[in-house]
Structure formats: structure tokens, C-alpha cells
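Chemist: After the C-alpha cells below, expect a handful of questions from me.
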Amino acid sequence: MHIHEYQAKEILARYGVKVPKGRVAFNLKEAEAAAREIGPGPYVIKAQVHAGGRGKGGGIRIASDLSEVGGIARGMFGTRLVTPQTGPQGKPVSRVLVEESVPIARELYVGVTIDGALGGAVVIGCPQGGIEIEEVGARSPEKIHKIIVEPGCGFNSFQGRKLAMAMGLEGSHIGKGAAIAWALERAFRENDCSLAEINPLVLTFRGDLVALDAKIDIDDNALYRHPDILALRDVEQEDPRDVEASKLNLNFVNLSGNIGCIVNGAGLGMATLDILRYYGGEPANFLDAGAGGSKELIQNAFTVLNSDPKIKGILINMFGGITRCDSYAQGIVDAIREKPLAVPLVVRMEGTNVELGRKILAESGLNIISASSMKEAAQKIIELVQEKSK
Ligand code: GDP
Ligand code: MN
């Protein structure tokens, strides 16, 4: 789950990270009141959306004094902000963060995330932060320093100082930089984050280190033990299909292709996406409907896919282990009888009671195309989708 910048800053401030003086505003009046409360300008007005790259998209604006705050905020509220990370449809701006403007001597980067290849959390530091961080990473990967956090030892004080030095900090700034890295790592661990990032972390001319931006993502599977963070959820920022799928308890990831996928099991889901791509198809989503295979479950999965106009065909790929193929097949048939599909459907099933399952599909009288292997299933649905888009 993503949270907003101002929410991430509130969390980091509790861990001792310095953040600019500021307040979130939900309307014009609140934005102007926030500025008055902060004191004399200049101010920074920041669109609060669940996406980075706002600097490049016009979502970060400086107001030199109070008289400019209203105009800038008016230009943001109610619009959709398009940044390199939002896609062309953008994200709605309903909140802005009004902050004191901080004079910047240097912009740095510090973040904590899970490195799947290394199998653990890593604390990452870079002497060059800011809106070009992706380019820095691509062009000068040697500037990105990673420290692996060993679960048994934790993130040690010498590692924090080493990272601060690798970030180009000197003298008394090293201790301050290390303290921020520790705070960030602790916030990451204690809140079950998948990402905790400060970009830019700025060195001011007075020698302070301040988090000018903050990004925190929480592992969805751990949200049950963080009700305070769950309360920060802003569904307006999420894809409506993701919201629908999460309400129905489906494991759903929206992708850009035109073949809708329904599978039972995450590994099978990954394999399904791979084989579709292998034969030249473009999956529209990952959807793990889990075990079961009741009419309701299949109907829920169809509901999510039906709301997606880019889908031109659906592939169901299921393996019958504990779930039996016949009950899954019955679920599919019942769901379609109640609400017919508008696009072609290919079903590949294997495992317990597969013969019975295929018989139910074949005798249903519905236009369901059966496939006996994953290869055949992928090729059939790709062919049907291509025919449809001719
Ligand atoms: P992002 O583009 O969505 O990551 O938004 P950021 O909050 O990181 O802001 C983008 C850039 O705007 C930063 O890298 C800074 O260069 C600039 N910026 C943000 N806040 C301030 C501020 O208070 N003062 C100044 N001078 N620049 C700022
Ligand atoms: Mn940023």
C-alpha cells in the first residue's frame, strides 16, 4: 500500500528525521491558512498523489509569498497530475502539502528496500539525489551504495557512518547522516515497509539534513498489524479495478495487454504470464483467484475483468490439487450462465478429476474452448484475440 508524502513525513518525524515545517490542505482556504501558520514565505506547494516524478510533472511549485499560494493551489486542486510515473491518465489531486521552502546546498538520496536477489533489506545511499536519481543509477551505478542488513545483527552504527561517508558527507554531517539512515531503517522494519525513501535528503546551508521528500510503501500482507497505517489508505489514488479486486479478496495486478488471466495459485499465474509472452501474447492482468472455484469466486474474477475495456479474451489456467477440476468447471459454467461473457474464453485445466471437468465444460453448450496444455491454451487465446482485433 502506498501512502502520501505528508503521511510518510509524519511517520519519519516520529523517528527523529527532520522535515520542513508544513501542513496538508484539502482546499484553498486550508492551503492559505497553512501558509499563514508557517510564517513568511517562500513556500513550496506540493501535489499529494501516489506517484513520484511530481517535480517533472508540475506538481511541485514555489510560492514566493502568501499572495501566490492561493493561485498555485487553485491550479492544482481538482486536476489530474500527470508525471513520468502516473501514465497518461494521471492521478487526482485532492490534497496539497504546503511547506516552508528550504534552501538547498546539496541533494542526496537515502532509501531502504528489500533486495530480492540479496534476500534481505538493503539501505541505499547516493551522494546525488533529486529528480534525476534514475539517470544517476543508470549512468553511474558506482555512485549507488548498498548496505545489506543482516537480520541477526541489524543495521550497525559503523554501517550507518560508512554509508553517510559514501554519500559524500563530511565532518559533523557524517553523524547526522548516519542517524537518518538508522531512523529510516528502523521505520522501515517496525512498520513492515517494502520501501522507505528520502529523495531528496538535503543538506542546508546551515548544515542541517532535512527530508524534503518521503515515500513509504507498506507490505499489504502486514497491514493487519498496522491499523493506524491502514487508516491512511486513500482509495481515490488507486486503480478502481484494484479497489474492486481487493474488496473481493482477489490477488490482482493490472497490466497493459489485452488477454485477461484467471489462475489458481501465484506460481501458476507467473507461468501463465510467461507463456503468453513467449508465444507473442500480452497479458492484461495477473489474477490469482485462489483455491475454491465456486460460482461466486469465478463470478468475482469475471466482474473485475469485465470492467476492463482493453480485454479482448480471457484465459483460465487452473490446476486441480485440493480444488477439484469438476467443481471449478461447474463454477465457470454457472457463472457464465448467469452472466454471459462478451469475449472468447479458453480454459486449460489439469489435475484432480480433470476428465470430469472437461466433460462439464464440453457438455455445457457454452462457447468455452478447452485446451489440454498450457502451450495450446496460450496459442488458442492469442489467436482468438488477434482475430478479434483485426
Ligand atoms: P518528486 O519529484 O515527486 O520526487 O518530488 P520532490 O518532493 O522530491 O520534489 C522535487 C524537487 O523539487 C526536489 O528534488 C527539489 O529540487 C525541489 N524542491 C522540493 N521542495 C523544495 C524546497 O523546499 N525548496 C527548494 N528550493 N526546492 C524544493
Ligand atoms: Mn522526490
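Nothing in this text is a laboratory measurement; each read-out follows from the coordinates by a stated rule. Everything numeric here is computed off the predicted structure, so don't read it as measured data. As a convention, Cβ positions derive from the backbone with ideal geometry for all residues, glycine included, and neighbour counts pool all protein chains shown.
Chemist: Kindly rank 273-282, 137-146 from highest to lowest mean number of other beta carbons found within 10 Å of each residue.
Modeler: 273-282, 137-146
Chemist: Find, to one decimal place in angstroms, the Kirkwood hydrodynamic radius of the range 239-360, where the mean of 1/r is taken over every pair of different Cα atoms and then inverted. Mind showing how you got there, number by number?
Modeler: Values: mean 1/r = 0.0708 Å⁻¹.
Kirkwood radius, the range 239-360: 14.1 Å.
Chemist: Let me ask something else about it. How much length is gained if the chain between residue 338 and residue 251 is pulled fully straight, taking 0.36 nm per residue apart and subtracting their Cα-Cα distance, in nm to one decimal?
Modeler: Values: separation 87, 0.36 × 87 = 31.32 nm, distance 2.35 nm.
Net length gain for the segment: 29.0 nm.
Chemist: For labels at residue 29 and residue 157 in the simple 7 Å Cα→Cβ model, what's the distance in nm?
Modeler: The modelled label-to-label distance comes out at 5.2 nm.
Chemist: How big is the antiparallel share of DSSP beta bridges in the chain, given as a percent to the nearest 5?
Modeler: Counting DSSP beta bridges with both partners in the chain, the antiparallel share is about 70 percent.
Chemist: Before rounding to the nearest 500, sum -39500 (n - 2.57) across all DSSP H runs of length at least 4 in the chain and divide by the residue total; then give [θ] at 222 nm in deg cm²/dmol.
Modeler: Theoretical 222 nm ellipticity from helices: -11000 deg cm²/dmol.
Chemist: How would you rank 383-390, 256-263, highest first, on the average number of other Cβ atoms within 10 Å across their residues?
Modeler: Packing proxy ranking, top to bottom: 256-263, 383-390.
Chemist: Sticking with this structure for a sec: How large is the charge dipole for the chain, taken about the Cα centre, if only the Cβ atoms of Lys, Arg (+1) and Asp, Glu (-1) carry charge, to the nearest 20 debye?
Modeler: In total the dipole reaches around 380 debye.
Chemist: Now a separate question. How large is the convex hull of the Cα atoms of the range 100-254 per residue, expressed in Å³ as a whole number?
Modeler: 151 Å³
Chemist: Give me the net charge of residue 83's neighbourhood, meaning all other residues with Cβ under 15 Å from the Cβ of residue 83; Lys, Arg count +1, Asp, Glu -1.
Modeler: +3
Chemist: Compare 347, 49, 110 in a GNM of the chain, Cα atoms joined below 10 Å, and give the one with the largest fluctuation.
Modeler: Of 347, 49, 110, the most mobile in the Gaussian network model is 347.
Chemist: Per 0.36 nm of contour for each residue apart, how much would the distance between residue 372 and residue 242 grow if the chain were fully extended, relative to their Cα-Cα spacing?
Modeler: 43.7 nm
Chemist: At a threshold of 8 angstrom on Cα-Cα distance, excluding pairs fewer than six apart, so keeping six or more, what relative contact order does the chain reach in percent?
Modeler: Once normalised by length, the contact order is 12 percent.
Chemist: Ratio of the chain's C-alpha Rg to 2.2 N^0.38 Å, to two decimals? It would help to have the intermediate numbers written out before the result.
Modeler: Working: Rg = 25.1 Å, N = 390, 2.2 N^0.38 = 21.2 Å.
So the Cα radius of gyration is 1.18 times the expected 2.2 N^0.38 Å.
Chemist: Ignoring solvent entirely, what values of log10 I(q)/I(0) come out of the Debye formula for the range 240-307 at 0.15, 0.29 Å⁻¹ when each Cα is a single scatterer?
Modeler: -0.42, -1.35
Chemist: In debye, nearest 20: dipole of the range 155-293 around its Cα centre with unit charges on the Cβ of K, R (+) and D, E (-)?
Modeler: Result for the range 155-293 is approximately 540 debye, rounded to the nearest 20.
Chemist: A follow-up question, please. Counting only Cα atoms, I'd like the Rg/Rh figure for the range 330-390, Kirkwood definition for Rh. Intermediate values should be presented prior to the final figure.
Modeler: Values: Rg = 12.1 Å, Rh = 12.3 Å.
My calculation puts Rg/Rh at 0.98.
Chemist: Now a separate question. Ranked highest first by the average count of other Cβ atoms within 10 Å around their residues, in what order do 37-45, 80-88, 150-158 fall? If you can, show how the numbers build up before the last one.
Modeler: Values: 37-45: 17.6, 80-88: 15.2, 150-158: 11.4.
Taking the mean over residues of other Cβ atoms within 10 Å, the ranking is 37-45, 80-88, 150-158.
Chemist: GNM on the chain, C-alpha springs below 10 Å: top fluctuator among 295, 359, 162?
Modeler: 359
Chemist: Over the range 304-390, what is the relative contact order in percent, taking alpha-carbon pairs closer than 8 angstrom and at least six residues apart?
Modeler: Details: 125 pairs, mean separation 30.4, N = 87.
About 35 percent, as a whole number.
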